[in-house]
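For reference, the structure discussed in these notes is given below.
The values are calculated or read from the model by the stated rules, or taken from the named source; none is laboratory data. What you see is a predicted model, and the numbers here were worked out from it, not measured in a lab. Heads up, the Cβs are rebuilt from the backbone with ideal geometry, glycines too, and the neighbour counts pull from every protein chain shown.
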Amino acid sequence: MQLPDSQVAVLEAASATEDRTIERLSEATGLKPETVTGAAFDLETEGLVEVSTDETVSHQVTDEGETYAEVGLPEVRLYRAARAAGADNDAVPMGQVIDAADLDGPEVDIALANYARKGYGDIDSGQVTADPDTDPDADPEAAALASLCPGDDEAQRPPSSQSEADDADALDRLVRRGLVDRTERAVRSVTLTDAGVTALMEGVETAETIDRLTPELLASGEWRDAEFSAYNVEADAPAERGGSVHILRQTADRVKETLVGMGFREMGGPHADSEFWINDCLFMPQDHPARTHWDQFALDVPPMESIPDDLLDRVRSAHLEGVGEDGDGYHSPWTEAVAREVDLRGHTTSLSMRYLSGTEIGDLDPPERFFSVEKVYRNDTLDPTHLLEFFQIEGWVMAENLSVRDLMGTFEEFYRQFGITDLEFKPHYNPYTEPSFELFGTHPETGELIEIGNSGMFREEVLRPLGVECDVMAWGLALERLLMLMYGFDDIRDVHGTLCDLDLLRNTEVLH
């Protein structure tokens, strides 16, 4: 019997009494694993060997996971710090506990995201409580992580009473968090059949075969008499993943295309801006609860100097004295020092203020339409619909004789482009718009109403200091919640942030 040299090598290295893996045969023959696999399948077709397949799963701790195995998971450290600060008796400030837990950068988001999920306590309005009955030493994720790290003593390993299902669930969460890499692979083994043993006893010769055409074979004409190796379409090949555009970015691009098609122009501006542009221009009193550090992120940087003096004076007057004959302003303090402080913007309406005032691109003549799809930052409690940073779809129209009917019609046209036709509107209060209303859409999977935006007609106290003499309707919509209505996601952390589900992102079908 004549066989290609790779098949002869595999046949001679295989055994009739034990299964030998592809890796072992590769070492014995000096051939690449994929070559051995192809040869084994060809031999199986001839009935000379049997190929069996077993699925194996292995776990490897990532660098981040090794760090947490050494210093502790962020949520466990947050809980220990909260207990030490007395949060098991009374709520304590979140900032104090975060500092005591020595959490930095992304660790803060991770700790906050997992703290309540694990029942360690509650985080509400910047205050932290700790459940005194919780045992952080029994944290299943920490135990599972410790069990995968070499050199850990037995006391750190998962308790023997923990069920296999609990172990598997904890490992699944560690994989989703990026602390453990899971590898699933097929392990193939080869065993000689009786026919294979007989063939070896009778003698097997190497056949002269070639696996590719070359210029020399074509030029000489030898290809006509050559014997070609069979092409095995079942041979293993390494998995390759190419880069792709994140589904959130795809949706943002679609939003931009839609608004440009509706006649809008795009705005741009700083992520870190003065309180003046973020809040004061919006007629938000300086003692408003939403302007505290519990709701926005203040930066320890020098105050902003580049604010037009005449505009600063007009905004100050609106706050202290009001606008127009019937205006009364706010009976609360207003200082220029606060207006010049720098924060991360909590909404992109700061861009609208810059453009409407003429500061950004000069004076505007109605009608005008502008939009932005930019990131904003808020000190919110993390949950399935809230993150510390997210994308806001800002937009406004400047024109004569606008009404709420124009605003609602704009929303119906915009959301219709994304297949959403069941909008609901609810009256709302904003310091900067009157009338105002919130938008809601129905989640396609849960049937629940999801708030997707806020809108209204800018008040005189906003427009007149900016020098705008006509109507302006404006809105701020949530890009992530639009994504939820389009794709049926019920937790935005699956697609955005440190806990996003990579398999979900890779396998989600793009909607058009």
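Contact annotation: no residue pair with Cβ atoms under 7 Å, 6 or more positions apart or on different chains, pairs a residue in the stretch 167-194 that is closer than 18 Å to Ala111 by Cβ with a partner that is among the basic types (Lys, Arg).
What number of residues within the stretch 476-506 satisfy the criterion of being charged (D, E, K, R) and under 20 Å from His347 (Cβ atoms)?
First, pick out the residues of the stretch 476-506 that are charged (D, E, K, R): 480-481, 490-491, 493-494, 501, 503, 506.
Those still in the list that are under 20 Å from His347 (Cβ atoms) too: 480-481.
Residues flagged as charged (D, E, K, R) and under 20 Å from His347 (Cβ atoms) within the stretch 476-506 amount to 2.
Taken across the stretch 134-141, residues that are crowded, with 17+ Cβ neighbours inside 10 Å, in contact with a Pro (Cβ under 9 Å, 6 or more places away or on another chain) and in contact (Cβ under 8 Å) with a residue 40 or more places away in the chain do not occur at all. Inside the stretch 195-213, residues that are modelled with pLDDT of 80 or more, β-branched (Val, Ile, Thr) and closer than 12 Å to Phe228 by Cβ make up a count of 0. Just one of the numbered conditions (1) surrounded by 13 or more Cβ atoms within 10 Å (Cβ to Cβ); (2) at pLDDT 85 or above; (3) part of a helix (DSSP H, G or I) is not true of Asp167: (2).
Given the condition within 24 Å of Glu460 (Cβ to Cβ), assigned to a helix (DSSP H, G or I) and outside the structural domain of Ile393 (by TED's automatic domain parsing), answer yes or no: does some residue in the stretch 299-307 qualify? Looking through the stretch 299-307, none of the residues is within 24 Å of Glu460 (Cβ to Cβ), assigned to a helix (DSSP H, G or I) and outside the structural domain of Ile393 (by TED's automatic domain parsing). Looking across the stretch 187-222, the residues that are surrounded by 11 or more Cβ atoms within 10 Å (Cβ to Cβ), within 51 Å of the chain's Cα centre (by Cα) and not basic (Lys, Arg) come down to Val187, Ser189, Val190, Thr191, Leu192, Ile210, Asp211, Leu213, Thr214.
Condition first: of a type in the set (A, V, I, L, M) and not in a helix (DSSP H, G or I). Now tell me which residues in the stretch 70-82 satisfy that.
Let us first name the residues in the stretch 70-82 that are of a type in the set (A, V, I, L, M), namely 71, 73, 76, 78, 81-82.
Hit for the stretch 70-82 is Leu73, nothing else.
Can you name the condition, by its number, that Gly263 falls short on among (1) over 29 Å from the mean Cα position of the chain (by Cα); (2) not assigned by TED's automatic domain parsing to the domain that holds Phe370? Unmet condition: (2).
Right, Arg77: of a type in the set (Lys, Arg), crowded, with 19+ Cβ neighbours inside 10 Å and under 28 Å from the mean Cα position of the chain (by Cα) or not? Yes.
Here's the yes/no breakdown for (1) outside the structural domain of Phe391 (by TED's automatic domain parsing); (2) touching a helix residue (DSSP H, G or I) at 6+ places or on another chain (Cβ under 6 Å); (3) among the small types (Gly, Ala, Ser):
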residue: Arg188; (1), (2), (3): yes, yes, no
residue: Asp194; (1), (2), (3): yes, no, no
residue: Thr198; (1), (2), (3): yes, no, no
residue: Gly203; (1), (2), (3): yes, no, yes
residue: Ile210; (1), (2), (3): yes, no, no
residue: Ser220; (1), (2), (3): yes, no, yes
residue: Glu234; (1), (2), (3): yes, yes, no
residue: Pro238; (1), (2), (3): yes, no, no
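Screening the stretch 314-417 for helices (runs of 4 or more DSSP H) wholly inside it with 2 or more residues that are of a type in the set (Gly, Ala, Ser) and not assigned by TED's automatic domain parsing to the domain that holds Gly453 returns the ranges 336-340. Scanning the stretch 112-144 for residues that are within 15 Å of Val76 (Cβ to Cβ) and either acidic (Asp, Glu) or in contact with a strand residue (DSSP E or B) (Cβ under 7 Å, 6 or more places away or on another chain) (or both) gives Leu112, Tyr115, Ala116, Gly121, Val128, Asp131, Asp135, Asp137, Asp139, Glu141. Considering only residues that are within 16 Å of Pro384 (Cα to Cα) and of a type in the set (S, T, N, Q), look in the stretch 415-453 and name the one that is modelled with the lowest pLDDT. Ranking the candidates gives Thr446 first. For the stretch 122-133, the set of residues classified as surrounded by 15 or more Cβ atoms within 10 Å (Cβ to Cβ) and in contact with a Lys or Arg (Cβ under 9 Å, 6 or more places away or on another chain) consists of Ala130 only. Pairing each residue of the stretch 483-505 that is assigned to a helix (DSSP H, G or I) with any residue that is among the hydroxyl-bearing types (Ser, Thr, Tyr) and crowded, with 18+ Cβ neighbours inside 10 Å, provided the two are 6+ apart or on different chains, yields C-beta distances under 6 Å for Leu483/Thr251.
The set of residues from the stretch 92-111 being in a helix (DSSP H, G or I) and more than 19 Å from Gly65 (Cβ to Cβ) comprises Met94, Gly95, Gln96, Val97, Ile98, Asp99, Ala100. Between a residue in the stretch 11-28 that is within 16 Å of Ala186 (Cα to Cα) and any residue that is among the basic types (Lys, Arg), which pairs come within a Cβ distance under 8 Å, given they are 6 or more apart or on different chains? Sorted first by the residue in the stretch 11-28, then by its partner, the pairs are Thr21/Arg188; Ile22/Arg188; Ser26/Lys32. Looking at the stretch 36-74 only, could you name the residues that are outside the structural domain of Ala101 (by TED's automatic domain parsing), of a type in the set (Ser, Thr, Tyr) and surrounded by 20 or more Cβ atoms within 10 Å (Cβ to Cβ)? Answer for the stretch 36-74, where residues must be outside the structural domain of Ala101 (by TED's automatic domain parsing), of a type in the set (Ser, Thr, Tyr) and surrounded by 20 or more Cβ atoms within 10 Å (Cβ to Cβ): just Thr37. Within the stretch 327-358, the set of residues being among the β-branched types (Val, Ile, Thr) and either in contact with a strand residue (DSSP E or B) (Cβ under 7 Å, 6 or more places away or on another chain) or crowded, with 18+ Cβ neighbours inside 10 Å (or both) comprises Val342, Thr348, Thr349.
Among the residues of the stretch 197-219, those that are hydroxyl-bearing (Ser, Thr, Tyr) and farther than 12 Å from Leu48 by Cβ comprise Thr206, Thr209, Thr214.
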